[in-house]
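Q: Got a structure for you, written out below as structure tokens; questions coming shortly.
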Amino acid sequence: RGLGDVYKGQGLGGHETANAFIKYALAYHKCKWPRKSQDENDDGDDDDTDPDRPLSGMELSKLALVVYERGVAECPTVESIWLSYVRCLVEMVQRGDPCASTLQSVVSRAVRNCPYSVALVQQKLNVALLLAERGAVVCDPDALMETVREAIDTKFLPGPKHFLDLYMAAIMTVKRRILFLLAQGCT
């Protein structure tokens, strides 16, 4: 019995495993199937369980999310898989998919599992702004600063330069939100 057998299924995957999951998930997420024309779809029966029917782009994106979930279960402390997962969800929200609560949950789990990642904390701040622009949440500057304080208090971040980067990211997030609101008021 090899060492790999002992750790199988215990969430101890490394960067190579995470990269394999990312590649697999992105293949589903980026895949575009041609849509059937309305005439081809309107054959009289409403049975969508046809096994030969190609998956729609949205169904493929949902399948990508399943692959990401399996990947983060296997590699919970690998920053790259969380970043890819969050970017995939951000893209889906921008396309109009109502998965805002999923996005918030994933980015919070990502920061909790990778407390050393400045990039994930910055993504959490960006997600707050994105969801505020979509009307899903209220962008509260105090909540953004609390996110930064929590990240710094974990004592896992590499150093004071990164503390400053996070404070600046929070300030820029608030600035972008104010400018967005001002632009909305002018139109």
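The values are calculated or read from the model by the stated rules, or taken from the named source; none is laboratory data. None of these values were measured; they are calculated from a predicted model. We place every Cβ from the backbone using ideal geometry, glycine too, and count neighbours over all the protein chains shown. The accessibility values were calculated without ligands, DNA or RNA, using every heavy atom of the protein model including side chains. Shrake-Rupley method; radii C 1.70, N 1.55, O 1.52, S 1.80 Å.
Q: Can you go through Ala136, Ala143 and tell me which one is part of a helix (DSSP H, G or I) and over 14 Å from the mean Cα position of the chain (by Cα)?
A: Values: Ala136 fails: part of a helix (DSSP H, G or I).
Answer to the selection: Ala143.
Q: Okay, next question. Can you tell me how many residues in the stretch 146-172 are open to solvent by 50 Å² or more (accessible area, probe 1.4 Å) and not in a helix (DSSP H, G or I)?
A: Looking only at that region, the number is 4.
Q: Output the qualifying pairs, or none if there are none: Cβ atoms under 9 angstrom, residues six or more apart or on different chains, first residue in the stretch 126-152 and closer than 16 Å to Asp165 by Cα, second residue among the acidic types (Asp, Glu).
A: Taking only residues 6 or more apart or on different chains, the pairs are Glu146/Asp140.
Q: Taking Asp97, is it open to solvent by less than 30 Å² (accessible area, probe 1.4 Å) and more than 12 Å from the chain's Cα centre (by Cα)? Talk me through it step by step, then tell me what you get.
A: Details: open to solvent by less than 30 Å² (accessible area, probe 1.4 Å): yes; more than 12 Å from the chain's Cα centre (by Cα): yes.
In short, yes.
Q: Determine whether Lys175 is outside any helix (DSSP H, G or I) and either charged (D, E, K, R) or surrounded by 12 or more Cβ atoms within 10 Å (Cβ to Cβ) (or both). Outline the logic, then answer.
A: Working: outside any helix (DSSP H, G or I): no; either charged (D, E, K, R) or surrounded by 12 or more Cβ atoms within 10 Å (Cβ to Cβ) (or both): yes.
It is false that Lys175 is outside any helix (DSSP H, G or I) and either charged (D, E, K, R) or surrounded by 12 or more Cβ atoms within 10 Å (Cβ to Cβ) (or both).
Q: Something else about it: Would it be correct to say that Val107 is in a helix (DSSP H, G or I), among the β-branched types (Val, Ile, Thr), free of Cβ contacts under 8 Å to residues at least 40 places away in the same chain and open to solvent by less than 60 Å² (accessible area, probe 1.4 Å)?
A: Details: in a helix (DSSP H, G or I): yes; among the β-branched types (Val, Ile, Thr): yes; free of Cβ contacts under 8 Å to residues at least 40 places away in the same chain: yes; open to solvent by less than 60 Å² (accessible area, probe 1.4 Å): yes.
Taking the combined requirement at face value, the residue satisfies it.
Q: Take Leu83 and tell me if it is in a helix (DSSP H, G or I), hydrophobic (A, V, I, L, M, F, W, C) and open to solvent by less than 10 Å² (accessible area, probe 1.4 Å).
A: Working: in a helix (DSSP H, G or I): yes; hydrophobic (A, V, I, L, M, F, W, C): yes; open to solvent by less than 10 Å² (accessible area, probe 1.4 Å): no.
Against the criterion (in a helix (DSSP H, G or I), hydrophobic (A, V, I, L, M, F, W, C) and open to solvent by less than 10 Å² (accessible area, probe 1.4 Å)), Leu83 does not qualify.
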